[in-house]
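Below is one structure; the comments refer to it alone.
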């Protein structure tokens, strides 16, 4: 018999205040548990600003998932980026200029699962992107063009009255995988 604990989470947003119950199993028999984040937010946009608590829940879930599938070949960079995101969160959790984003590329197809978590800081009206963590179990993530993420971040900046530019230098110093494709994309689009 499996015991179920119920945890309550109070989530506040400018658009929604509510109380949600999340069932947390005390013993996990199924190793392919994949968390959808609808109980936490119900993402309606492709790019969502999320609080540090919610980001921690997502990152911890991804780490737990990876720890249960050690025998399956996963690229090292996926685990490393998730682990480094956890460290970034720990260091910058209470800093007021930290911004955390959940990118849900499938939201237009009614799939509100998070594909990437992005962390950054707003410094002198400029959004500095520091880390990107990739979901270890998002369906067809390799088929998604990450240039769409650049477009969505750029649109976020355009719509912001206080942020005037995006800077990817810290991200590219940390993880150069995005540098070539994004540099070509931004040059070809005049950004």
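Read-outs throughout are calculated quantities, based only on the coordinates presented, and are distinct from any laboratory measurement. From a predicted model like this one, the values you see are computed outputs, not experimental measurements. Here Cβ is always computed from backbone atoms with ideal geometry, including for glycine, and neighbour counts include all displayed protein chains.
Measuring r between the beta carbons of residue 122 and residue 69 and using R0 = 45 Å, the FRET efficiency lands at 0.80. Extension gain for residue 155 to residue 91 (0.36 nm times residue separation, less C-alpha to C-alpha distance): 20.3 nm. A crude spin-label estimate for the pair residue 77 and residue 140, with each label 7 Å from Cα along the Cβ direction, gives 2.2 nm.
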